[in-house]
Amino acid sequence: MRVELPPEPMHFVNREEEKERAFRAVEEWRGRARPLVLSLSGPGGLGKTELAFLIARKLRDNFSDVLSVDLDDFREGGELDPGEVLAQLLDSLGVEPDSLARQFKARCRQYWNMTADRRLVVVVDNARYASEIVPLLPASGTSVVIVASHGPLYDLEDGAAVDLVLPPLEDPVAIELLELIVRDRRLTTDPEAARTVVRMCDGLPAALHVAGRWVRSHPLRPLSRLIAELRAELNEKGVSSGVEDVWDIAYHGLSSSAALLYRSLPHHPGSTFTHESATALLGLGPEACQDALEELAAAGLLDLRMVRRTDHGRMRLHGPLRAHARRRARDHEAPGEPAEAQTRVLRWFVRQAQLADRFAAGRRLTVADPFDPVPDAPDVPLEDPAESGDHAVRTARAARAARWLYEERHALFACVRLAHGRGLDAETVALCEPVWTYAMDHPHQSDVTELFRLGVTSALRSANASWLVRMRCQLARPLWESGNLIEAGREIDGALAALDLLGDTVPDRKLRASAIEFRGTLSSTRGDWNAAAADFARSREVHLAIGNDYGAMLQTYRMGQASAELGDLDAAARLLFEAHDAAMAQDRARLSARTGFALGGVLQRLGRAGEARLLYERSLEGARERGSGFDQARVLDALAELAGLEGESAAADEHRAAAEGLRRRNGLF
């Protein structure tokens, strides 16, 4: 059972009517064609999210899984990417990254497949429109979706949604909550002052928590004095009363470094951050950042509870607080302060992405120079696979680096846009290269295509020929994968035209060979395998001439694939044997498995079933080590076909069932 719920809050009062309505609705629901939707709405600070989680906790024992997703984590410029939301939910349901459907509609079908027979609770926070919820509804009518939004969600199917509008807490209940938070006799000895604090908070639990911390931080002063000081500051600042006022008071009580971090957090690319990226943003070193984060948490301006519950240590400045921090930045930031913070964290992300790229994909052709460490900002604790002699350790380290690229994809995408918008062309190109590695395992054509277009524009703007060749080739691939072969061809032609501007250095010759390979791959996509084979052979000649063993091995593999498609099985077997041996010698796990699988297919067609089976089994073992469900399923299909040809029907059925099980677990029927 998977339960994605944060720790239970220390203090939660009232909302009995809303809870009773919610539980009654669940009890009376009879599993119609659509799941039940509980819609919690009201302004920020009312405790909608906490109530949603509380309801989910009470329901968990009667459901198979409890999933949660915050839609604000998937917004760029206010626009939601529903495909990415589905990607997170599918990941929570056990879908492996390489089995994730590429297109949005296919991903919807995959989600329906995965949820059709499950009894789920799905908590969706920070929804804005009903249309955002519809793709996230499980296919099971016995599931429950709990939605938290600032306003009512219209257009949800009649009868399938229960609207629960949360009002502010009434004074007696608000005082009860304040007393639980503060636990101080001053509240009972000076009830009028306590009521004044409550009225300032407008009945919003979030504001009461902040006010409670403020009262606790001055244990010797009478409430009447604290109220007077608070009023004096509000009058001096000319700020209206309400929740924002309490947050302002908390902000004004921060140290200079904590206040600087608070003002800087809205400028962080991506909606979540880690201690390392916050350190880069602040620019004062790790210890100062740790102190500032703890101070923000103590002031009620940051929630650190999830850091203690997760391995990746992610934090997020929630929507209303993020907007408040942005307003404080507008009023108090020094000239150049946000630009300096953004530049630091941007270059920090470039360096981390380059390291993760190298650790995940191995050393390969890149055109951007490596970025130096950012002063006073630690690198992410990733380890170089090449520094270990243990195969299992190397595999685990490479997988962790690839996972970092996946986890930070939103921040990396935002960094590409930010760098390009500020004219930082070196940073733009340097980021596009790790995005390429990410996209090989997680194709998201709309995002990746847009980012690579920015990379091409930066390369043109800088008049850098190497960058231009590389960026045009990278852009061509998602174009042809989406069926846009004409535009992909134009990009490849542009890359080839720029080859005349290159020199004759080894990196230039390697880049020339890569561009020729891209043209060959585009030809294979068009079905012109003769042209593809010729380009792969030309590319291999260049790699052999410059002593690039990896490039030569890769092109040998491509040539073997082309020969197999053209029906020359003897040549295909010879080339693929050579490529497979080279991949094994170079310790390239992924290519060892894939060259072995391709060779097995050719040997099977040549009637050499025993050799084919051995290669399939090795390829299957490699796919299992990498956790690649997609590769496992296709190898099992091949083993099933081979067993069927040899009359081993039981073994064939076993392999087919295993492949079907993998696809079923990943929603790929």
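Some values worked out for this structure:
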{"quantity": "Hits in segment 393-436 - residues which are at pLDDT below 90 and β-branched (V, I, T)", "calculated": "T395"}
{"quantity": "Meets criteria (of a type in the set (D, E), outside any loop (DSSP other than H, G, I, E, B) and surrounded by fewer than 17 Cβ atoms within 10 Å (Cβ to Cβ)) for E383", "calculated": "no"}
{"quantity": "L86, sole failed condition from (1) under 29 Å from E408 (Cβ atoms); (2) surrounded by fewer than 21 Cβ atoms within 10 Å (Cβ to Cβ); (3) in the same structural domain as M114 (by TED's automatic domain parsing)", "calculated": "(2)"}
{"quantity": "Residue match in segment 220-239 (condition: closer than 26 Å to P43 by Cβ and at pLDDT 80 or above)", "calculated": "no"}
{"quantity": "Wholly enclosed helices (runs of 4 or more DSSP H) of segment 262-330 bearing at least 1 residues among the hydrophobic types (A, V, I, L, M, F, W, C) and at pLDDT 90 or above", "calculated": "275-282, 286-298"}
{"quantity": "The listed residue being of a type in the set (S, T, Y), surrounded by fewer than 18 Cβ atoms within 10 Å (Cβ to Cβ), at pLDDT below 95 and out of contact with any Phe, Trp or Tyr (no Cβ under 6 Å at 6 or more places or on another chain), out of S592, S628, S649", "calculated": "S649"}
{"quantity": "Residue in segment 162-205 that is surrounded by the fewest Cβ atoms within 10 Å (Cβ to Cβ), counting only those that are among the charged types (D, E, K, R) and not in a loop (DSSP other than H, G, I, E, B)", "calculated": "E192"}
{"quantity": "Pairs with Cβ under 7 Å, 6+ apart, first in segment 499-528 and on the phi < 0 side of the Ramachandran plot and aliphatic (A, V, I, L, M), second surrounded by fewer than 19 Cβ atoms within 10 Å (Cβ to Cβ) and outside any helix (DSSP H, G or I)", "calculated": "L511/L365; L511/L502"}
{"quantity": "Qualifying residue in segment 546-555 (condition: among the small types (G, A, S), in a helix (DSSP H, G or I) and touching a residue at least 60 places away in the same chain (Cβ under 8 Å))", "calculated": "yes"}
{"quantity": "Selected residue [touching a residue at least 24 places away in the same chain (Cβ under 8 Å) and in contact with a Phe, Trp or Tyr (Cβ under 8 Å, 6 or more places away or on another chain)] from A127, A116, A139, A161", "calculated": "A139"}
{"quantity": "Residues of segment 613-664 satisfying the condition of being touching an Asp or Glu at 6+ places or on another chain (Cβ under 8 Å) and charged (D, E, K, R)", "calculated": "D631, R656"}
{"quantity": "Members of segment 249-274 found to be touching a strand residue (DSSP E or B) at 6+ places or on another chain (Cβ under 6 Å) and either among the hydrophobic types (A, V, I, L, M, F, W, C) or free of Cβ contacts under 8 Å to residues at least 40 places away in the same chain (or both), listed by number", "calculated": "F273"}
{"quantity": "Hey, A426 assigned to a helix (DSSP H, G or I) and crowded, with 23+ Cβ neighbours inside 10 Å or not", "calculated": "no"}
{"quantity": "Flag for A259 being part of a helix (DSSP H, G or I) and at pLDDT 85 or above", "calculated": "yes"}
{"quantity": "Selection status of A298, under 20 Å from D379 (Cβ atoms), touching a residue at least 24 places away in the same chain (Cβ under 8 Å) and surrounded by fewer than 23 Cβ atoms within 10 Å (Cβ to Cβ)", "calculated": "no"}
{"quantity": "Qualifying residue in segment 442-451 (condition: surrounded by fewer than 23 Cβ atoms within 10 Å (Cβ to Cβ) and among the aliphatic types (A, V, I, L, M))", "calculated": "no"}
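Residues checked against (1) out of contact with any strand residue (DSSP E or B) (no Cβ under 8 Å at 6 or more places or on another chain); (2) over 24 Å from R24 (Cα atoms):
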residue	(1), (2)
L40	no, no
F53	no, no
L59	no, no
N62	yes, no
D70	no, yes
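The values are calculated or read from the model by the stated rules, or taken from the named source; none is laboratory data. Bear in mind the structure is a predicted one, so any value in this text is a computation, not a measurement. Cβ coordinates were reconstructed from backbone atoms using ideal geometry, including for glycine residues, and neighbour counts include every protein chain displayed.
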